[in-house]
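Encoded as structure tokens, the structure appears first; notes follow it.
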Amino acid sequence: MKPLLESEDRLDFLQKFSALKASPPTKDWSVVPSYEGAALRAVTQLQKTIMEMIEKFLTEAKLKEAKKFAVDVTLDPQTANAFLVLSSDRKQVHSVQKKVDAPDDPKRFSHIFAILGEQSFSSGKFYFEVEVKGKLFWGLGVAEEFAERTGMISFNPENGFRTICIRKGEKLKANESQPVDVVWSVLEKVGVFVDFDEGSVAFYDVDTPAPIYTFTNNSFVKLRPFLGSFPSYGLLNLKPLTICPVNETA
């Protein structure tokens, strides 16, 4: 070692130092399993979970704020289709198979199984809830005071309606100019929130809670709550629609 240490030729030192001639032990990383895919999937799932938590938090906040504008809604018998029956407190409506004795009235829906709320609103914000549990065919939303009620009507914005409807308990649609399919499962209670300044009508699943659909960029004049009970279809659709008291602390 002494001659090597005394040498000023660094290259000669490296060439003669046998310990450096042997290749250091190495690991064959080609056989090590890659965890990149698993890590990516874990991060993606975490991101999805966080986004779902944020969305739920925001929905809860929005729904809590909307409930501050809850109004007491009762149903207007003068607008009820002749195949609809109201409860004595005018909070509940269901369809029947035999037409009831109802006087002709231009305010009444002549062909569509629908009814309006007695209250009307022309500014600000308002919110109400309807229980739809167990009903397989129904419609819900708001209608302009001037909306047509005679004949077969499409419940879209052009005709003064902002509504959602469900068929067979599972096929949910938002009645835009071109109906929009809304992915949903079982609904039991639906909240409807109207903001005149924003020009929006938002629907919420109250129990989850989760947003269902929102009509945007609207201009309103005078709105009334709208409920569509639809035909009884034998015994399939006899369950009522019920205006519910709003629990602001829920």
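The values are calculated or read from the model by the stated rules, or taken from the named source; none is laboratory data. If you're wondering where the values come from, they're calculated on a predicted model, not measured in any experiment. Positions of Cβ are generated from backbone atoms using ideal geometry, with glycine treated the same way; all protein chains shown enter the neighbour counts. Remember, those area values only see protein heavy atoms, side chains included, never the ligands or the DNA or RNA. Shrake-Rupley method; radii C 1.70, N 1.55, O 1.52, S 1.80 Å.
Things to note:
- Residue match in region 141-149 (condition: out of contact with any strand residue (DSSP E or B) (no Cβ under 8 Å at 6 or more places or on another chain), in a loop (DSSP other than H, G, I, E, B) and within 19 Å of P211 (Cβ to Cβ)): no
- Subset of region 202-211 [in contact (Cβ under 8 Å) with a residue 24 or more places away in the chain and part of a strand (DSSP E or B)]: A202, F203, Y204, A210, P211
- Residue that is most open to solvent (accessible area, probe 1.4 Å) [pool: residues in region 158-182 that are outside any strand (DSSP E or B) and in contact with a strand residue (DSSP E or B) (Cβ under 6 Å, 6 or more places away or on another chain)]: P179
- Residues of region 80-89 include none that is without any contact (Cβ under 8 Å) to a residue 40 or more places away in the chain, open to solvent by less than 80 Å² (accessible area, probe 1.4 Å), in a loop (DSSP other than H, G, I, E, B) and of a type in the set (D, E).
- Scan of region 125-136 for residues that are in a loop (DSSP other than H, G, I, E, B), open to solvent by 30 Å² or more (accessible area, probe 1.4 Å) and either charged (D, E, K, R) or at pLDDT 95 or above (or both), ordered by number: K133
- Whichever residue in region 183-201 is assigned to a loop (DSSP other than H, G, I, E, B) and of a type in the set (D, E, K, R) and, among such residues, is surrounded by the fewest Cβ atoms within 10 Å (Cβ to Cβ): D197
- Any hit, region 212-228, residues being over 18 Å from I112 (Cβ atoms), without any contact (Cβ under 8 Å) to a residue 24 or more places away in the chain and surrounded by 13 or more Cβ atoms within 10 Å (Cβ to Cβ): yes
- Residue count for region 92-117, restricted to those that are among the acidic types (D, E) and touching a helix residue (DSSP H, G or I) at 6+ places or on another chain (Cβ under 9 Å): 1
- Region 102-117 - residue that is in contact (Cβ under 8 Å) with a residue 12 or more places away in the chain and open to solvent by 70 Å² or more (accessible area, probe 1.4 Å) and, of those, nearest to the chain's Cα centre (by Cα): H111
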